[in-house]
Amino acid sequence: MQFKKLYQNSVFWFCCTFFWCVIIFFFSAQDATASTAMSDGVLHKIAEICTAWIPADATKINNRESYSSMTFFIRKIAHFTLYFILGLFSSATILSFSTKHHRSLFASWLTAWSFCIFYAATDEFHQLFVPGRTGMLLDIGIDSLGALLSSLLLLFLIQRSIHRNQKLENGV
């Protein structure tokens, strides 16, 4: 029995994509108190890590404005990262199906990225119904950029691999 290469295993990538969508949903379903507590925890962990390189008094958060700016930045990085990973998984899913059925890589990539944008929009809509949370167009943009970067990276790597294999087959 011949085993498929991991990047060609459509079911595996579909399960990863589905699982990651569930994770994003649960993060979005947290009310404002739980979400803020998580952001605060990350901020304090970063401050602890930074004390190894920065003097301890420099990592203290002295005013509310600095604290708000840092938590805002952490939340946006979290959005970008969550959708960067979703972009990888959804692109791998769609591209693994397209290579089996000889579909256009560009069309497959566009489908995967469109899915990520759609999921980001529905995620922000979902947050409108969570106590203390709001849906923001800025977050959809950040989510879309994370998915765009990862999906383009994966598309580039796949095209490079295909090009390299074609050269080997042609004896170049």
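The values are calculated or read from the model by the stated rules, or taken from the named source; none is laboratory data. Remember, it's a predicted structure, so these values are computed and weren't measured experimentally. Here Cβ is always computed from backbone atoms with ideal geometry, including for glycine, and neighbour counts include all displayed protein chains. Remember, those area values only see protein heavy atoms, side chains included, never the ligands or the DNA or RNA. Shrake-Rupley method; radii C 1.70, N 1.55, O 1.52, S 1.80 Å.
Couple of notes before you dig in:
- Only protein atoms count toward the accessible area here, which uses a 1.4 Å probe; on segment 60-154, the carbon and sulfur part of that area reaches 74 percent.
- Modelled this way, with points 7 Å down the Cα-to-C-beta line, the labels at LEU157 and ASN9 are 1.5 nm from one another.
- Segment 81-167 pair-distance distribution - Cα-Cα, 10 Å bins, rounded %: 19, 42, 24, 11, 3, 0
- Modelled label positions at PHE18 and GLU48, each set 7 Å beyond Cα in the direction of Cβ, lie 3.6 nm from each other.
- Rounded to the nearest whole Hz, the Karplus-based 3J(HN,Hα) values (6.51 cos²θ - 1.76 cosθ + 1.60, θ = phi - 60°) of segment 137-152 follow the sequence 5, 4, 5, 4, x, 5, 4, 5, 5, x, 5, 4, 4, 5, 5, 5, with x at glycine and proline.
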